[in-house]
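Heads up, the thing below is written out as structure tokens.
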Amino acid sequence: MQIDLFNEIQNPRPWPEGHEQLRFRQAIEQAVLADELGYGCWWQVEHHGAGEFSLSSAPELLLAALSQRTSRIRLGHSAVLAPGRFNHPIRVAERAATLDHLSGGRVELGLTRSTIPEWRLFGIEPDDARAQTQQAFEMVPKMWTAEKFSYDSGTYRVDDVAIGPKPLQRPHPPLWQAAASPASFEEAGRRGVGVLGTTMWESLERAGRLVGLYRAAAAACTDPVGAFVNDQVAFFTFVHCADTDEEAMRDGAAAAAAWYTVAALTFFEAATEFVRQNARNEELKRAPGLTGDFLRGEAANTPSEANLLIARILEGEQVSDDEVFDVLSAQDSLIVGSPDTCRKKLRAYADLGIDRMMCLQQIGGIPHDKVMQSIRLIGELIPELA
């Protein structure tokens, strides 16, 4: 399993003078260190209007800067928001190909349709987002590989145009899709693109079944959107390593993960999305196909201790750091503690057949020096997990 880094450029209050400049400088320092230590890929998100949750509204610019400060680590968009009002597919293809040249051929490109608050901000109709994401997946790799490109849909019309530059990688950089539901895991597999699993607080058992769902869909893909099937699974999770479990708790890693979860649920208006997704899941349970089989096979779900804890925090209850650490550390998806603790938890994911672990280490209010220490300690484990 390859160990990657996942970055949001989180910026929780209180904000000192020059806090935004500071966060960007810290992100670059973290990426340079990860490059030296042998991490596989630096994944940078795209979010808009996210406040404290993320300053990463122009990831292509940060990745361009990193391309000049690093030499080996791959540079990933996780992921470009694909509907056209965010990013026209021509611009996606041009920017990624340019970055591929600037980085010496180190680009990984993910696409995603985003969700309700960002659609609203950019005036995107939810019903259009899925179709435009599919069209972007169809268009971008063809623009990279065809001398002249043509495409005609209800949204885009391009007539025999030379789109340049072409990427340095041949036939093109690997393609990925961000996925947070069983349906999107299957969708990524059927498109023949890698899956960037962005689920939070998922059990190992369910994560393993999501991997199986994706693998089955990818195995059945005979007409990938790109020039090849990128059969890879990457999973995002919270990671913080210190010399001891006790030090990791003092660093506030579990509390930061709780802060992240609350901030994410708030920013993404997850209650609305939860209702919508559950309604869609009920429809899919009655439908044929891999996702229907997956959902019909779900056991009756009861809220986990982690979800109950997060609900209490959302309701304004003051929960002690000790309780947060005790409850969240018991979750497979919180990899926090000493090198031995982190090694065991990472190995459990490797045993599921996951190709990439996207480690979110700059979480909430964890101090920068503690993030750097964690990156170093996890970096020492990379040879054991490869």
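The values are calculated or read from the model by the stated rules, or taken from the named source; none is laboratory data. Because the structure is predicted, anything quoted here is derived from the model rather than measured. Counting neighbours? That spans all protein chains shown, and the Cβs are built from the backbone with ideal geometry, glycine included. Areas reflect the complete protein model, heavy atoms only, side chains present, ligands, DNA and RNA absent. Shrake-Rupley method; radii C 1.70, N 1.55, O 1.52, S 1.80 Å.
Considering only 176, 259, 42, the Gaussian network model of the chain with Cα springs below 10 Å gives its largest mean-square fluctuation to 259. Per-residue Karplus couplings for the stretch 350-359, computed as 6.51 cos²θ - 1.76 cosθ + 1.60 with θ equal to phi - 60°, are listed in order as 4, 5, 7, x, 6, 7, 10, 10, 8, 8 Hz, Gly and Pro entered as x. Peptides 196-206, 110-120 ranked from most to least packed, by the mean per-residue count of other Cβ atoms within 10 Å: 110-120, 196-206. Highest GNM mean-square fluctuation among 239, 158, 45, for the chain modelled with Cα contacts below 10 Å: 158.
Counting protein heavy atoms only, the stretch 1-144 has 50 percent of its accessible area on carbon and sulfur, 1.4 angstrom probe. Looking at the stretch 315-386, the accessible area is 42 square angstrom per residue; that uses a 1.4 Å probe and ignores ligands, DNA and RNA. Centroid-to-centroid, using Cα positions, the stretch 245-267 and the stretch 135-179 are 39 Å apart.
About its Cα centre, what dipole magnitude does the chain give when the only charges are +1 on Lys and Arg Cβ and -1 on Asp and Glu Cβ, stated in debye to the nearest 20? Please list the in-between numbers first.
Values: 37 positive and 53 negative charges, 236 e Å.
My answer is approximately 1140 debye.
Given a 1.4 angstrom probe, what's the average accessible area per residue across the stretch 5-63, in square angstrom? Present the calculation step by step, with values, prior to reporting the outcome.
On the way: 2340 Å² over 59 residues.
Accessible area per residue: 40 Å².
Tell me which label goes with the value of semi-axes √(5λ) of the Cα gyration tensor in Å computed from the coordinates here: [x] 31, 25, 20; [y] 47, 21, 18; [z] 37, 22, 19. Entry [x]. Along the stretch 75-86 the Karplus relation, 6.51 cos²θ - 1.76 cosθ + 1.60 evaluated at θ = phi - 60°, assigns HN-Hα couplings of 10, x, 8, 10, 9, 5, 6, 8, x, x, 5, 6 Hz to successive residues, with x for each Gly and Pro.
Peptides 226-232, 182-188: what's the order by average Cβ count within 10 Å, highest mean first?
Details: 226-232: 18.3, 182-188: 24.9.
Going from most to least packed, we get 182-188, 226-232.
Heavy-atom accessible area with a 1.4 Å probe sorts 149, 268, largest first, into 268, 149. Each 10 Å bin from zero up to the one holding the largest Cα-Cα distance in the stretch 33-105 carries the following percent of pairs: 19, 49, 27, 4. Across the stretch 222-238, rounded Karplus estimates of 3J(HN,Hα) from the backbone phi angles (6.51 cos²θ - 1.76 cosθ + 1.60, θ = phi - 60°) give 10, 9, x, 5, x, 7, 7, 7, 9, 7, 9, 10, 10, 10, 8, 7, 7 Hz, Gly and Pro being marked x. Here the accessible area of the stretch 160-240 is 56 percent carbon and sulfur, with a 1.4 angstrom probe and all protein chains present.
Ranked highest first by the average count of other Cβ atoms within 10 Å around their residues, in what order do 100-107, 330-337 fall? It would help to have the intermediate numbers written out before the result.
Details: 100-107: 19.4, 330-337: 21.8.
For the peptides 100-107, 330-337, the packing ranking is 330-337, 100-107.
Selection among 377, 55, 290 by position relative to the dipole of the chain gives 290 as farthest towards the positive end (Cβ unit charges, Cα centre). Using only side-chain charges placed at the Cβ, +1 for Lys and Arg and -1 for Asp and Glu, the dipole size of the stretch 60-135 relative to its Cα centre rounds to 300 debye. Helical runs assigned H by DSSP (4 residues or longer) give the chain a calculated mean residue ellipticity at 222 nm of -15500 deg cm²/dmol, each run adding -39500 (n - 2.57) before division by the residue total.
Could you give the alpha-carbon Rg of the stretch 322-386 over 2.2 N^0.38 Å, rounded to two decimals? Dividing the Cα Rg of the stretch 322-386 by 2.2 N^0.38 Å gives 1.13. For the chain, modelled as a GNM whose springs connect Cα atoms under 10 angstrom apart, the maximal fluctuation among 318, 373, 134 occurs at 318. With protein chains left intact and a 1.4 Å probe, residues in the stretch 93-190 average 41 Å² of accessible area per residue. Of all DSSP-defined beta bridges confined to the chain, some 10% are antiparallel rather than parallel.
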